[in-house]
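Engineer: Quick one: the structure is below, questions incoming.
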Amino acid sequence: MTYQIILDSEWSTVRYNADDKYVYHTFHQPIGGQPFRDTLNAGLDALTLNNAQKWLSDDRKNADFAPEDVGFAVTDWGPRAAKAGWKYWALVVPESIAGRESMIKIVEVFFELGVRVMVFTDLEKARTWLLKL
């Protein structure tokens with residue numbers, strides 16, 4: 001698989017796979033605030049620029065989100081991503097229970113925005129599902 005690196009920081013890496021037309025982010029550690037927003041916005045820029053509909057999230061190293069980060073995701077970023085054409089999300093959930101719990105509202109809102117969400121604990125299973133679409 002060949003990826004174009006969109007963003008690479010101590011917090012996260014955002015890639016775009018042109019062959020299969022999907023955005024793929026990896027959180028390297030618990031993330032929040034501006035690094036979280038920068039990660040999502042960089043991925044959204046790639047999604048929009050390439051008319052992509054798929055997103056693979058590797059959130060295994062993340063922890064629980066602060067309320068302001070959940071608010072940003074569900075009221076600002078999520079609606080913009082859905083409007084840009086985002087349709088399919090393969091989410092590899094955080095390893096921590098608190099991290100998984102903080103994803104519930106985000107997953108519910110994105111589903112309501114028309115994004116088909118599948119939740120995984122294994123990255124390769126998530127990627128396989130996404131590529132079948």
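Engineer: How large is the convex hull of the C-alpha atoms of region 4-132 per residue, in Å³?
Structural biologist: Numbers: hull volume 11.3 nm³, N = 129.
In region 4-132, the Cα convex hull volume per residue is 88 Å³.
Engineer: Of the chain, which part is the longest with no GluC sites (Glu not before Pro) in a loop (DSSP not H, G, I, E, B) and with at most 13 other C-beta atoms within 10 angstrom?
Structural biologist: No qualifying site falls inside 11-94, the longest such stretch.
Engineer: So between Arg116 and Gln29, what do we pick up on full extension, going 0.36 nm a residue minus the alpha carbon distance? Each step should come with its number before you reach the end.
Structural biologist: On the way: separation 87, 0.36 × 87 = 31.32 nm, distance 2.58 nm.
Length difference between fully extended and current span is 28.7 nm.
Engineer: Once the Cβ-Cβ distance between Asp76 and Glu10 is put in as r, and R0 is 30 Å, what FRET efficiency do you end up with, to the nearest 0.05?
Structural biologist: The calculated FRET efficiency here is 0.80.
Engineer: Let me ask something else about it. Can you compute the FRET efficiency between Met1 and Leu133 using 1/(1 + (r/R0)^6), with r the Cβ-Cβ distance and R0 = 25 Å? Round to the nearest 0.05.
Structural biologist: 0.95
Engineer: Which three extents, in whole angstrom, do the alpha-carbon atoms of region 1-58 cover along their principal axes, largest first?
Structural biologist: 29, 21, 14
Engineer: Tell me which lysines have Cα within less than 19 Å of Lys125's Cα, excluding those fewer than 8 residues away on the same chain?
Structural biologist: Candidates past the 8-residue exclusion: Lys21, Lys54, Lys61, Lys87.
Any read-out appearing in this document is the output of simple, stated calculations on the displayed coordinates, not a laboratory observation. Everything quoted here is computed from the prediction, not taken from an experiment. Because the Cβ atoms are built from the backbone with ideal geometry, glycine has one as well, and the counts that use them run over all protein chains shown.
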